[in-house]
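Peer 1: Sending over a structure as structure tokens; questions will come in a sec.
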Amino acid sequence: MGLTLTEKILKNHIVDGEFVKGKEIGIRIDQTLTQDATGTMAYLEFEAMGVPRVRTERSVAYIDHNTLQSGFENADDHRFIGSVAKKHGIYFSRPGNGICHQVHLERFGIPGKTLIGSDSHTPTGGGIGMIAIGAGGLDVAVAMGGGAYYITYPKVVKVELKGKLSPWVAAKDVILEVLRIMSVKGGVGKVIEYCGEGVKTLSVPERATITNMGAELGATTSIFPSDEITLEFLKAQGREEVWTELKADDDAEYDEHIVIDLSTLKPLAACPHSPDNVKPISELAGQKIDQVCIGSCTNSSFVDMMKVAHILKGKTVNPDVSLAIAPGSKQVLNMIAQNGALSDMIDAGARILESACGPCIGMGQSPNSKGISLRTFNRNFEGRSGTKDGQIYLVSPEVAAVSALTGVFTDPTEALGEMPEFKLPEKFVINDNMVSAPVDEKDMDSVEILRGPNIKPFPQTSPLDESIDCQVSLKVGDNITTDHIMPAGAKILPLRSNIPAISQHCFTVCDEAFPNRAKNMGKSIIVGGSNYGQGSSREHAALAPLYLGIKAVLVKSFARIHRANLINAGILPLTFVNENDYDKISQGDEISISDVRKAIEEGKTELEVVNTTTGAKIPVLCELTGRTKDIILAGGLLDYTREQLNK
């Protein structure tokens, strides 16, 4: 039996565990990336481990999230990250160089390598043939120190692409169709592997759009083969020497098989407030819109920008619409400035933003009250835009640009004429002067780490208690995202390096009284529904609850990254054996889990939660492997790693 591409790369990198589906494996990590919203904490954790120099082939620290400097906090964090990078062997992509995933694809991604990043959209690298996985900052810190990254050996889903996209239908429509088919929970525990004749019709940036938004499936990652199209892209980036041909064996066996005929796809939109709430643009056509935002790590490539410029050229944005455009990297911005496309956008009335994440994370450009905003981004969770009642739709650049002109939802296949051929350039403009290299190892001691007053240490952790007796401080429903748990936005993101301060915003989207209530309880647990913790990889959604005294989270099911982050923080992840038992616990109830430490030490996977308020006895699962069991017992990954290093 042959191997899938996913299995080939994982098998080549496995350092611990069995090569068996459903078992935990540790893989060697070749590259890491961080961004500034998660990076400060990741580097504080790296420092706490006491490893003097990164042990990866390439680690890069990007500044792309907190670029709105309305106070000292963001600037201080950037200065701290830059000094840590310089000292410890990390390349530093300065503010203005671009969005981490776009730049990494252009300048650092290598087919066949493994990459983890402290951002959930790290799977963008799958567009170039990498196993690229979003992770918590502490997992990234451990990988930088030479440790393995642990995942459950995944199932592999074959998405077979046939045919070719019709004019004005986009790669964004491909991933929206996959989301329509699989849902935001359908990819949990799986890698999505794209195959078939249709793959050859997609450029690397188009493939990266698809793998980027595969994060919304809940998938471990997504990947395309590395072929002559990949070589063409790397050659244009002046990096052809890193190319390797990679593909699945002809007789590879997959766990699931989905077929998509690209020629039958029509322009689609993800409607509020979930990326899998997908409808054809034709069903929405004619509805008035208020705002259009084009950019993000999903759709800000050179060709995306050229298509937008072509649609806007010689026309004017509708007077009732605000259009903002953010090219994804300095390379893209520089090239559209040189060829005149940027001028076409400006002439049409677009507001040009810096090459950064910006509106995607609520960092500016929040829509008006109840405003309908068409965005080429990857997430449309409620309140993520910065406007609580904003109505956010996720669309392709083609839909976004033509709708900005008409002022209503518009199908580009109906409104636009013949589509010209949009080709990648034979050679990109290459200028890496905004990437600073670290000093040589012999000069490390000469570098001072620069810390501002907003940078606070990692929260206090402690070994798992013998028993857990406390109240339920919060009960929430299904599909709680990390945006619910730990909101982003211009006011909150600057506090990412200050857990005591940012914890005051924890769960305030759901219950403004939660932070004070949890802190006053001293210790408590949270109860939730299914797919708890979906969305961003932000480990702050675990660290803030840790600071507030959360000892356990009991839910119907977890999203992968968030469950890992809870374990890393030393918070016990529990799931109901019977989902109906969710109704047997209310906020404020007293809960008891007796002899929990002993049970976990003995490897028991089923525990009993007693609701001492009502007398209900509830069986729950606590499925921990040998390693994650030891992490929980130690009080978290940082304590566990210190123990291992001391050994």
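Peer 1: If you keep only loop residues by DSSP, which trypsin sites (Lys or Arg not before Pro) in segment 6-101 have at most 11 other Cβ atoms within 10 Å of their Cβ?
Peer 2: K23
Peer 1: What's the extension gain from T201 to E579 if we count 0.36 nm per residue and subtract their Cα-Cα distance?
Peer 2: Fully extending the segment from T201 to E579 adds 131.6 nm.
Peer 1: Along segment 554-571, what does the Karplus equation 6.51 cos²θ - 1.76 cosθ + 1.60 (θ = phi - 60°) give for ³J(HN,Hα), rounded to whole Hz, x for Gly and Pro?
Peer 2: Here the 3J(HN,Hα) series is 10, 9, 6, 7, 10, 6, 4, 5, 5, 4, 4, 5, 4, 4, 4, 8, x, 9 Hz.
Peer 1: Can you list residues from other chains, or at least 5 along the same chain, whose modelled amide H is less than 5 Å from the amide H of K164?
Peer 2: For K164, the qualifying residues are L262, S263.
Peer 1: What does the helix-only formula give at 222 nm for the chain: each DSSP H stretch with n ≥ 4 adding -39500 (n - 2.57), the total divided by the residues, and the result rounded to the nearest 500 deg cm²/dmol?
Peer 2: Computed mean residue ellipticity for the chain: -8500 deg cm²/dmol.
Peer 1: Computed FRET efficiency, Cβ-Cβ of K604 and I14, R0 35 Å: what is it to the nearest 0.05?
Peer 2: The value I calculate is 0.80.
Peer 1: Now for a different question. Got a sec to turn the phi values of segment 168-174 into Karplus ³J(HN,Hα) couplings, 6.51 cos²θ - 1.76 cosθ + 1.60 with θ = phi - 60°, whole Hz, x for Gly and Pro?
Peer 2: Those phi angles translate into 6, 9, 10, 4, 4, 5, 5 Hz.
Peer 1: Return the subset of K190/K523; K551/K598; K190/K551; K113/K155; K11/K113; K164/K427 for which the Cα-Cα distance in this structure is over 23 Å, preserving the input order.
Peer 2: Beyond 23 Å: K190/K523; K190/K551; K164/K427.
Peer 1: Can you work out the Karplus-derived ³J(HN,Hα) for every residue in segment 357-374? Use 6.51 cos²θ - 1.76 cosθ + 1.60 with θ = phi - 60°, whole Hz, and x for glycine or proline.
Peer 2: Whole-Hz 3J(HN,Hα) from phi for segment 357-374: 5, x, x, 4, 10, x, 9, x, 6, 5, x, 5, 3, 6, x, 8, 10, 8.
Peer 1: Right, next: Explain nothing, just the number: relative contact order of segment 143-194, from Cα pairs under 8 Å at least 6 residues apart, as a whole percent.
Peer 2: Reported relative contact order: 65 percent.
Peer 1: Now, a different point. To the nearest 10 degrees, how steep is helix 302-312 against the longest Cα principal axis of the chain, on a 0 to 90 scale?
Peer 2: Once rounded, one gets 50 degrees.
Peer 1: Separate question: Neighbour counts of other C-beta atoms within 10 Å: give me C510, C622 arranged from fewest to most.
Peer 2: C510, C622
Peer 1: Going by amide H atoms built from the backbone, whose H comes under 5 Å of the H on L450, apart from near neighbours?
Peer 2: Result for L450 returns S83, V84.
Peer 1: Among F576, G362, A564, flag the residue with its Cα farthest along the positive direction of the charge dipole of the chain, charges on Cβ as +1 for Lys/Arg and -1 for Asp/Glu.
Peer 2: About the Cα centre, the residue reaching furthest to the positive side is G362.
Peer 1: Note down the relative contact order for the chain as a percent, whole number, built from C-alpha pairs under 8 angstrom at least six residues apart.
Peer 2: After rounding, I find 15 percent.
Peer 1: Oh, and also: Which of the three applies to segment 468-646, rounded, prolate or oblate, going by the alpha-carbon gyration tensor with a ≥ b ≥ c and a/c under 1.5 meaning rounded?
Peer 2: Oblate.
Peer 1: Another question about this same structure. Using a Förster radius of 60 Å, what is the FRET efficiency between R597 and A437 based on their Cβ-Cβ separation? Nearest 0.05, please.
Peer 2: It comes out at approximately 0.80.
Peer 1: Then there is this: Show the residues, 5+ positions off or on another chain, whose built amide H is closer than 5 Å to the amide H of D589.
Peer 2: V472
Peer 1: While we're looking at this one, here's another question. If the reach is capped at under 29 angstrom between alpha carbons, list the lysines near K388, excluding any in the same chain fewer than eight residues apart.
Peer 2: Output for K388: K172, K185, K279, K288, K370, K475, K491, K519, K556.
Read-outs throughout are calculated quantities, based only on the coordinates presented, and are distinct from any laboratory measurement. This is a predicted model, so every value here is computed, not measured. For neighbour counting, all protein chains shown are included, and Cβ atoms are generated from backbone atoms with ideal geometry for every residue, glycine included.
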